[in-house]
Every structure is written in structure tokens, then in C-alpha cells.
Amino acid sequence: MAAKDGIVVGKNNIVGGDVKDFALINCQGMVLDARDNGKTFINNSFVSTTNSTVGSASAPTFLTLVYGLYYMDCSGGDALFYLGDPSIFRNCRFTIEKTDSTVNKIIIQPFASELFNYRALPKSNLLTNQGHSITITSDGVNWFVVSSFGVPTFYTSETSSINTTSGVDILLGALTLTPNSGDYLIMFNTTTSNSNNNRTNTFSIYVGGVLRTDSVRMITMVNSSAVKSVLISCRVLNVLDGQAVEVRWKTSNNTATAFERTLVLTRI
């Protein structure tokens, strides 16, 4: 890049404030005005801009190089956010933030068939709560999340003890959650006992009515006065909208008791 007065400014050099009328070439070969306020460049590549815009449910929002910050207002309904061609936005960074407190979603739509963090689009579970934001970038082929704030978490708990004599899996109280689609880390904990010696209480996670075999925990009670902890954690990929995540339990015999219990889902 050359200044008008003949000064040549090369890679890793700093342009002084008194140098004017020079041009920057971004990663797509576009000439950018280096005097534009708020733009950031690394090795002549346009990385981001602090210019912002507001999107809403009233009309789709499209990613452009003009804005680096997208404030999405979903108070009027689900808002569509369309990504651009990854090859055009290579190495560029953009931040998307949900500004409203409703349960409505930001639905991120693909340009074509590119992946988003190694998963297919569209995505509707990335920004679920007010103030949640993600910063994204492209490698020229697919999109990736660089950073995020406010990971969506779903939580339920019960404090009253509950009993069962069932020998087949049944719902544990009302311990069920229905999150948005996505990948989740599921965590459950409780304590349990049985009315007789050498009986086994079994706890499991079901997703969409299907048993997660890696979640099964069998707790054998040596005597009727014993109280044991139950901890379950498992990763579940591709939970679909409307699929319930449940804790079910059963006992080998006599009466099983479960005490205070908690179920937490964290998007990963």
C-alpha cells in the first residue's frame, strides 16, 4: 500500500496519523477507505466494524460488510437472519445479539448448504434470552462461532420426595424439559433409598421418548436405611424442537424413594 506522498507502508508497519489518501485492500480484494471510522484491519484484511443496525421480525435481516453489530428485536415474533456467501466474508467477524425478553427466536438461515459450527442450518437455539450474543466468522467455506455470551440453559427442580414401586421406567415426578433444537449437556442429580435391603433403583434419561443407554444409573441399596446419591451427565446431539428431555426411574422390588432433584440442560 502506498501513500500519496511516496511513503511505502508494508506488512506489519503502522500508518501514522499524518499519512493520508492511502487505500487498503481487504481479504476479498475490495478497496476500503482506511479513514472509515470503526473499521479494524489485520494484514490488510477487513475484520470487523463497530457500525451497528437493528433487525426485527418485520423483515429479514441480511449480513453485509456495512455492519459489524446486529441487534435483533424479536418482540414482534421470530426474526430471520440470513448469512451471506462464506467466500465473501472470509476472516470477517460479526456479532449478533438478542435485545428483547420474549421467547421468540432468532432463526439463522444459510446462504446455501454451508455448515455452522459443523452443523447444518437453519439454527434457532443459539440466541434464546435477552442479552445473549454470538460473534461469528467464516473460513471462506463454512461459518464458526468465535465467542458467545449467555449460553442458553434450561432448568427444573422438585423438592418433595416421591415414591414408586414400578418395575418399568416411568417419569420421575414432573422432571421434564423441552428445549429448543440443538446439542446439549444434560445433568441430573438426586438422592435415593429403598424400603428393603439389596434392592436396585434405576434412573435414566429419555430424549423424545427414546432411552439414552449411556445415561442409565443402577443404584443398589445394601440396606433400607441407606441413602445414596445419583448423578447423571451425558451429551446429546441434535435434540429437535418439541422433543422432551425426561428423567425416568424404576425399582427392582419394594418401594423406591427419590428426594430433592434437579435437571439442567446446557447448550454446547
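Does Asp169 satisfy the criteria of being outside the structural domain of Thr64 (by TED's automatic domain parsing), in contact (Cβ under 8 Å) with a residue 40 or more places away in the chain and either over 30 Å from Phe89 (Cβ atoms) or not aliphatic (A, V, I, L, M) (or both)? Give the derivation first.
Numbers: outside the structural domain of Thr64 (by TED's automatic domain parsing): yes; in contact (Cβ under 8 Å) with a residue 40 or more places away in the chain: yes; either over 30 Å from Phe89 (Cβ atoms) or not aliphatic (A, V, I, L, M) (or both): yes.
Considered against the rule, which asks whether it is outside the structural domain of Thr64 (by TED's automatic domain parsing), in contact (Cβ under 8 Å) with a residue 40 or more places away in the chain and either over 30 Å from Phe89 (Cβ atoms) or not aliphatic (A, V, I, L, M) (or both), Asp169 comes out as yes.
Among the residues of region 169-184, how many are over 26 Å from Thr257 (Cα atoms) and among the hydrophobic types (A, V, I, L, M, F, W, C)?
Of all residues in region 169-184, those over 26 Å from Thr257 (Cα atoms) come to 179-184.
From what is left, the residues that are among the hydrophobic types (A, V, I, L, M, F, W, C) are none.
Qualifying residue count for the region: 0.
When both residues are 6+ apart or on different chains and their Cβ atoms are under 9 Å apart, which pairs have a first residue that lies in region 173-184 and is within 22 Å of Asn104 (Cβ to Cβ), and a second that is hydroxyl-bearing (Ser, Thr, Tyr) and assigned to a strand (DSSP E or B)?
Close Cβ pairs (under 9 Å, with a partner that is hydroxyl-bearing (Ser, Thr, Tyr) and assigned to a strand (DSSP E or B)) amount to Leu177/Tyr155; Leu177/Thr156; Tyr184/Thr266.
What about Thr137, is it farther than 22 Å from Asn238 by Cα, β-branched (Val, Ile, Thr) and either in the same structural domain as Tyr67 (by TED's automatic domain parsing) or touching a Cys at 6+ places or on another chain (Cβ under 6 Å) (or both)?
Judged against the criteria, Thr137 is a match.
List the number of the failed condition for Leu231; all other conditions in (1) surrounded by 19 or more Cβ atoms within 10 Å (Cβ to Cβ); (2) closer than 16 Å to Tyr155 by Cα hold.
Condition (1) is where Leu231 drops out.
In this structure, is Lys250 touching a residue at least 40 places away in the same chain (Cβ under 8 Å) and of a type outside the set (S, T, N, Q)? Don't jump to the end; show me each part of the working.
Details: touching a residue at least 40 places away in the same chain (Cβ under 8 Å): yes; of a type outside the set (S, T, N, Q): yes.
Considered against the rule, which asks whether it is touching a residue at least 40 places away in the same chain (Cβ under 8 Å) and of a type outside the set (S, T, N, Q), Lys250 comes out as yes.
The values are calculated or read from the model by the stated rules, or taken from the named source; none is laboratory data. Everything numeric here is computed off the predicted structure, so don't read it as measured data. Reconstructed Cβ throughout: ideal geometry from the backbone, glycine too, with neighbour counts over all protein chains shown.
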